[in-house]
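Read through the structure below, which is laid out as structure tokens, and then see the notes.
The values are calculated or read from the model by the stated rules, or taken from the named source; none is laboratory data. The structure presented is a predicted model; accordingly, all values stated were derived computationally and were not measured. All Cβ positions, glycine included, derive from the backbone under ideal geometry; neighbour counts span all protein chains shown.
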Amino acid sequence: MEFKAIRGVEDILPPESLRFEKVVDTFKKTVELYGFKEVILPIFEEAKLFSRSVGEATDIVQKEMYIFEDKGGRVIALRPEGTASAVRAYVEHGVFAKEPFTKWFYVGPMFRFERPQAGRKRQFFQAGCEVFGLKNPGADAELIKMASEILKRLNVNAELEINSIGCKKCRPEYRRALIEFLREKVDSLCPTCKERLERNPLRVLDCKEEGCQRVVEGAPKITDYLCEECEEHYKKFKEYLNLLGVEFKENPLLVRGLDYYTKTVFEFKSSELGAQSTVLAGGRYDDLVKEIGGPDTPALGFAMGIDRVLLLLPEEEEKREGVFVITRGDEAYRKGLEVAEFLRSKGIKTQIDHRQGSFKAQMKAADRERAAFAVIIGEEEVQEGFFSLKELETGKQERVESLEELLGRL
RNA sequence: GUGGGAGUAGCUCAGUUGGUGGAGCGCCGGGUUGUGGCCCCGGCGGUCGCGGGUUCAAGUCCCGUCUCCCACCCCA
């Protein structure tokens with residue numbers, strides 16, 4: 001085969017595409033219930049936007065971005081995530097000046113140059129939400145409640161883990177304490193963690209290496225180092241989660257891979273997914289809007305991995321719907337074309353068999369297309385001026401005299 | 001980027017010590033000159049991922065390469 005989709009990029013054909021749409025539709029309907037409105041954001045941005053927001057030191061920026069120079073000499077990156085663009089748009093259009101708080105959602109492809117695996121493609125799809133202008137812990141709790149509602153409606157079982165990673169006031173102190181602790185045990189750490197120690201010590205906390213995990217068990221906990229404001233926020237946040245009936249597990253080792261997070265972080269994980277188990281995750285990022293050039297504005301959000309949700313969705317049988325028109329002979333075919341258009345004009349999904357094969361072949365097609373009814377027009381029907389209407393589920397067939405009567409029977 | 005497994009019909013997979021490639025499902029047709037699903041019969045369908053090598057002879061052995069899967073890593 002000469003042409004193939006490139007590595008890590010895949011086509012989504014029917015019926016999979018129908019399930020994809022169902023996931024997006026469920027997401028949209030749920031978040032709209034909470035007052036979120038859609039933003040449609042560009043797929044590429046100035047590369048600098050991502051190094052600034054996601055973090056210069058992160059793997060996403062260091063080795064996973066698709067970067068190229070356009071013909072105008074601009075350094076462009078395909079977006080590896082959605083939050084950076086949302087924040088940029090929020091600042092660029094002065095949205096903060098128009099409304100006290102903002103709730104946005106977006107859906108679309110993201111790009112990361114990684115080794116492909118199930119649940120990890122180079123082009124993958126996220127549906128995400130962002131909230132700007134709310135510092136209240138109730139907003140955190142409601143956002144997570146909404147996220148759990150989306151998953152529930154999709155019948156996805158996932159466990160929620162939460163943590164607080166503090167703010168720019170208290171995190172540096174914890175960071176110092178952690179580095180100090182880890183330096184003493186440096187010999188027991190894996191090679192990657194030895195490197196992480198100085199540059200990004202929090203990442204050592206969720207290393208899977210057994211030796212590192214044993215070290216981490218005795219390490220200082222971020223939650224013991226939170227400043228008064230962060231501690232109060234975390235406490236209230238948990239209270240509201242309980243109030244809203246959201247089950248969660250506190251995980252003091254939960255840190256996120258992107259630099260912009262502050263205070264609340266959370267992750268929904270599924271045990272049915274193997275290594276790529278995170279289905280939906282996010283957190284608060286109170287400093288990012290200012291970092292991108294806007295006013296000091298608290299914010300929070302999450303993204304859901306649509307491809308991963310799709311892996312968890314059961315395949316279901318397609319429901320019978322609509323009409324399939326079967327004809328025999330030229331005059332009947334002409335009549336059939338008219339009937340099909342008539343039914344469509346009344347909002348009824350209708351197909352007609354253009355192949356002019358045997359009744360048997362056409363009936364088979366009607367069944368395969370999962371039509372609810374077959375309208376049969378043959379010689380007899382043309383001569384006497386009626387239609388035969390067959391209900392495919394039951395096999396019952398009846399004589400229908402007019403288009404109006406046909407419509408009434410469907 | 002590292003380590004491991006796998007690529008044979010549209011799909012799921014057999015294929016022995018190297019000797020002219022099979023099944024089930026699906027698709028098309030017939031059994032029913034006007035009727036789907038169940039059953040029976042027949043048919044279409046293959047560059048054995050790709051390239052090279054060994055051999056009289058390669059799906060099978062060797063080398064390279066691409067893709068998928070698993071783990072590391074990363075993350076939604």
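Would you pick out the residues in the stretch A:306-351 that are within 12 Å of RNA strand B (Cβ to nearest atom), part of a loop (DSSP other than H, G, I, E, B) and touching a Leu at 6+ places or on another chain (Cβ under 9 Å)?
The one that is within 12 Å of RNA strand B (Cβ to nearest atom), part of a loop (DSSP other than H, G, I, E, B) and touching a Leu at 6+ places or on another chain (Cβ under 9 Å): A:320.
For the stretch A:339-372, what are the residues that are of a type in the set (D, E, K, R), under 21 Å from residue A:403 (Cα atoms) and touching a helix residue (DSSP H, G or I) at 6+ places or on another chain (Cβ under 9 Å)?
Those that are of a type in the set (D, E, K, R), under 21 Å from residue A:403 (Cα atoms) and touching a helix residue (DSSP H, G or I) at 6+ places or on another chain (Cβ under 9 Å): A:346, A:349, A:353.
Any chance the stretch A:288-303 includes a residue that's within 23 Å of the chain's Cα centre (by Cα), buried (at least 18 other Cβ atoms within 10 Å of the Cβ), within 26 Å of residue A:16 (Cα to Cα) and not small (Gly, Ala, Ser)?
Scanning the stretch A:288-303 turns up at least one residue that is within 23 Å of the chain's Cα centre (by Cα), buried (at least 18 other Cβ atoms within 10 Å of the Cβ), within 26 Å of residue A:16 (Cα to Cα) and not small (Gly, Ala, Ser).
Residue by residue through the stretch A:172-224, note down the ones that are in contact (Cβ under 8 Å) with a residue 60 or more places away in the chain and either within 20 Å of residue A:57 (Cα to Cα) or not in a helix (DSSP H, G or I) (or both).
Listed by number, the residues that qualify are A:199, A:200.
Can you go through A:33, A:41 and tell me which one is over 30 Å from residue A:195 (Cα atoms), under 20 Å from the mean Cα position of the chain (by Cα) and more than 16 Å from RNA strand B (Cβ to nearest atom)?
Testing whether each residue is over 30 Å from residue A:195 (Cα atoms), under 20 Å from the mean Cα position of the chain (by Cα) and more than 16 Å from RNA strand B (Cβ to nearest atom) leaves just A:33.
Among the residues of the stretch A:245-277, how many are within 12 Å of RNA strand B (Cβ to nearest atom), of a type in the set (Asp, Glu) and modelled with pLDDT of 90 or more?
Total meeting the criteria: 1.
Look through the stretch A:352-364, keep the residues that are buried (at least 17 other Cβ atoms within 10 Å of the Cβ) and of a type outside the set (Val, Ile, Thr), and return whichever of them is farthest from RNA strand B (Cβ to nearest atom). Step through it out loud before you land on a result.
Going through the stretch A:352-364, the residues buried (at least 17 other Cβ atoms within 10 Å of the Cβ) turn out to be A:352-353, A:362-363.
Among the residues that remain, those that are also of a type outside the set (Val, Ile, Thr) are: A:353, A:362-363.
On the way: A:353: 10, A:362: 8, A:363: 3 Å.
Step by step, filter the stretch A:352-364, then rank; the result is A:353.
Within the stretch A:267-277, is there a residue that is assigned to a strand (DSSP E or B), assigned by TED's automatic domain parsing to the domain that holds residue A:155, surrounded by fewer than 21 Cβ atoms within 10 Å (Cβ to Cβ) and more than 22 Å from the chain's Cα centre (by Cα)?
no
Please work out which residue is surrounded by the most Cβ atoms within 10 Å (Cβ to Cβ), limiting yourself to the stretch A:41-61 and to residues that are of a type in the set (Val, Ile, Thr) and not in a helix (DSSP H, G or I).
Among those residues, the one meeting the criterion is A:54.
Could we say that residue A:124 is surrounded by 20 or more Cβ atoms within 10 Å (Cβ to Cβ), over 27 Å from residue A:263 (Cα atoms) and within 13 Å of RNA strand B (Cβ to nearest atom) here? Break it down stepwise before answering.
Values: surrounded by 20 or more Cβ atoms within 10 Å (Cβ to Cβ): yes; over 27 Å from residue A:263 (Cα atoms): yes; within 13 Å of RNA strand B (Cβ to nearest atom): yes.
In short, yes.
Identify, please: which residue in the stretch A:358-401 is among the small types (Gly, Ala, Ser) and part of a strand (DSSP E or B) and is, among those, nearest to residue A:343 (Cα to Cα)?
My answer is A:374.
If residue A:385 satisfies all but one of (1) surrounded by 11 or more Cβ atoms within 10 Å (Cβ to Cβ); (2) more than 9 Å from RNA strand B (Cβ to nearest atom), what's the number of the condition it fails?
(1)
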